[in-house]
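For reference, the structure discussed in these notes is given below.
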Amino acid sequence: MDTIILSDWLAARLDRAAAEPIYRQTLRLMQQAILAGQLAPGTKLPSSRMLAEDLGIARNTVLHVYDQLTAEGYVISTTGSGTYVADTQPDSAAVNARRKPAVVAVDAQGKPVAAPGKPAKRDLDDLSSRGRRLIGQAGVSAKQWGAFMPGVPDVSEFPARTWSRLQARLWKEANPDLLTYAPGGGYRPLRRALSDYLRVARSVNCTPDQIIITTGIHQSIDLAVRLLTDVGDRAWVEEPCYWGARSVLQSSGITLVPVPVDDEGLNPREQDLQQPPRLALVTPSHQYPLGMVMSLARRRTLLEYARLHNVWIIEDDYDSEFRYGSRPLASLQGLDDAGQVIYVGSLGKMLFPGLRMGYMIAPEHLVDTFRTGVAELYREGQLMQQAVMTDFIMDGHLTSHVRRMRALYGERRQILIDAITARFGNELPVMGDEAGLHLVLGLPDHADDRAVTAAAFAAGVIVRPLATYYNSDPPARRGLLLGYACVPNEKIRPAFDTLARVIEQTALKKPTRAA
């Protein structure tokens with residue numbers, strides 16, 4: 001393409017009525033022409049004055065385009081000589097130096113067939129083995145709100161005006177210390193407020209210095225795993241367990257050892273006890289997803305085993321604030337006198353998930369290590385949000401909000417249980433309804449809870465299949481997780497009627513025997 005054709009080529013493509021400025025259009029078009037080889041290396045560009053006249057635009061516009069092309073390496077300007085297209089073609093020797101041998105296709109007679117010109121389709125084969133496992137087992141839902149999405153609080157009931165007022169007050173002051181990176185462990189007044197709250201509400205034994213503010217349960221577990229384990233180390237996980245925690249462990253190269261749970265919680269078998277893991281991840285106060293509580297005897301046994309075999313215990317205190325008919329149970333960490341328990345929790349379920357604020361309590365001898373780790377890996381910030389949360393707790397809003405939501409969720413739980421009983425009687429068991437934001441509706445052993453979930457989603461109802469929480473296949477139990485917290489009272493029965501019809505059509509029909 002010579003310089004006269006360049007002017008015509010640009011003139012034919014510039015859209016003077018477009019919102020994009022002429023400068024940006026000209027720059028973009030010339031970059032495209034150079035990268036596509038339409039302007040070959042060494043081509044001399046017209047002078048800025050000539051191109052401006054040909055295009056009917058200001059000369060300064062062309063000068064700015066040439067300056068930007070020069071700065072980005074597209075062209076080379078030589079004083080007294082002109083502006084030339086730079087040679088930007090890839091170095092074929094460097095590109096092909098470590099090129100893998102091409103896979104040659106053959107026909108039926110074994111003769112080579114020319115490979116197609118377009119690159120191969122990119123799919124899961126492009127991922128690492130742990131990447132494929134992570135994506136293949138992902139449990140995240142396309143929808144995060146509606147009947148009966150488990151684990152989601154009613155964010156419409158959050159006291160937004162109160163939060164906004166506290167936030168506005170802090171932004172009005174605009175303290176520079178709140179606009180930088182978070183110090184190791186997070187905002188100290190928040191850590192102090194949380195330690196006071198957790199001592200009373202959860203019988204946790206800690207000082208403010210032991211609390212590390214994180215973005216939630218996932219980051220807390222990830223930090224502990226990165227600092228305390230190596231690739232290939234073994235970890236006990238409850239069977240079934242939360243898929244998100246399982247994904248964090250697996251993506252770090254940890255070997256999972258599923259340990260069954262019974263009515264008293266984690267129940268290690270003899271073969272499990274013979275090979276102590278590096279860590280154990282448990283939900284003792286409200287097992288997720290089945291809802292049982294770990295007995296005091298099991299807690300003491302686990303703590304003593306961890307002390308003798310140097311096993312780290314990560315205690316995920318899931319939904320412990322929302323218990324119906326009894327007070328929240330004391331934490332496992334409060335019984336630990338050997339410094340083996342790392343306690344992790346989240347404020348999202350109490351307030352709103354988008355807050356993305358959690359915390360972990362590190363054993364005293366690991367506090368400095370964990371502070372350094374969280375700052376080194378994640379460069380934490382969000383100090384302004386942490387300051388708002390501090391005022392929210394200190395002014396008593398957190399306690400009153402949790403109390404109010406506990407009563408509301410208790411009502412919704414009962415409405416859902418009544419709807420289940422009215423439709424199915426004792427035919428389908430209800431499990432794990434004593435606490436939290438969901439219950440488990442058991443299904444017959446022959447039912448495919450994944451298929452029920454898909455059919456329910458098509459009918460406009462969100463549930464989760466219990467099978468996806470098991471590491472074993474087939475799973476030990478079939479069932480559906482039904483979240484009731486985010487469903488308005490008046491919508492629970494109609495939504496369950498829809499789900500019940502799906503269950504009757506897909507899960508309650510017994511399989512026919514082959515002749």
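Every number in this text was worked out from the coordinates using simple rules, so none of it is lab data. Note that the coordinates shown come from a computational prediction; the quantities given were computed from them, not determined experimentally. Cβ coordinates were reconstructed from backbone atoms using ideal geometry, including for glycine residues, and neighbour counts include every protein chain displayed.
Brief remarks on what is shown
- For the stretch 337-402, applying the loop criterion from DSSP together with a ceiling of 12 other beta carbons within 10 Å to the trypsin sites (Lys or Arg not before Pro) yields Arg379.
- Taking the square roots of 5 times each eigenvalue of the Cα gyration tensor of the stretch 1-74, largest first, gives ellipsoid semi-axes of 17, 13, 13 Å.
- Order of Cys486, Cys241 under a 10 Å beta carbon neighbour criterion, fewest first: Cys486, Cys241
- Value of D in µm² per second that Stokes-Einstein yields for the stretch 174-395, Kirkwood Rh from Cα pairs, at 37 °C (0.692 mPa s): 186 µm²/s
- Within straight-line cross-link reach of Lys172, aspartates and glutamates at Cα separation under 18 Å, skipping those fewer than 8 residues along the same chain: Asp391
- Estimated dipole of the stretch 400-506 in Debye, rounded to 20 [Cβ of Lys and Arg +1, of Asp and Glu -1, Cα centre]: 440 debye
- Positive-end residue of Tyr378, Pro475, Ala17, charge dipole of the chain with Cβ unit charges: Ala17
- Beta bridge orientation in the chain: antiparallel %, DSSP, nearest 5: 60 percent
- The angle between the Cα long axis of helix 59-71 and the main principal axis of the chain comes to about 60°, on a 0 to 90 degree scale.
- Built amide H within the under 5 Å cut-off of Met149, gap 5+: Ile462, Gly483
- Using θ = phi - 60° in the Karplus curve 6.51 cos²θ - 1.76 cosθ + 1.60, the 3J(HN,Hα) couplings for the stretch 423-434 round to 8, 10, x, 9, 5, 10, x, 9, 10, x, 9, 6 Hz; x is entered for Gly and Pro.
- Table column - 3J(HN,Hα) (Hz), the stretch 129-138, Karplus curve with 6.51, -1.76, 1.60, x for Gly and Pro: 4, 6, x, 5, 5, 4, 5, x, 9, 4
- Karplus-derived 3J(HN,Hα), 6.51/-1.76/1.60, for each residue of the stretch 477-494, Hz, glycine and proline x: 9, 10, x, 10, 8, 10, x, 10, 5, 9, 10, x, 3, 6, 9, 5, 5, x
- For the chain, with +1 on Lys and Arg beta carbons and -1 on Asp and Glu, the positive-most of Gln505, Leu178, Val155 along the dipole: Gln505
- The stretch 267-349 - convex hull of alpha carbons, volume per residue in Å³: 102 Å³
- Taking Lys and Arg as +1 and Asp and Glu as -1, the other residues whose beta-carbon sits under 12 Å from that of Met394 total -2.
- Its DSSP H runs of at least 4 residues, each contributing -39,500 (n - 2.57), put the calculated 222 nm mean residue ellipticity of the chain at -12500 deg cm²/dmol, to the nearest 500.
- Convex hull per residue volume in Å³, alpha carbons only, for the stretch 400-506: 102 Å³
- Cα gyration tensor, the stretch 328-371 - rounded (a/c under 1.5), prolate or oblate: oblate
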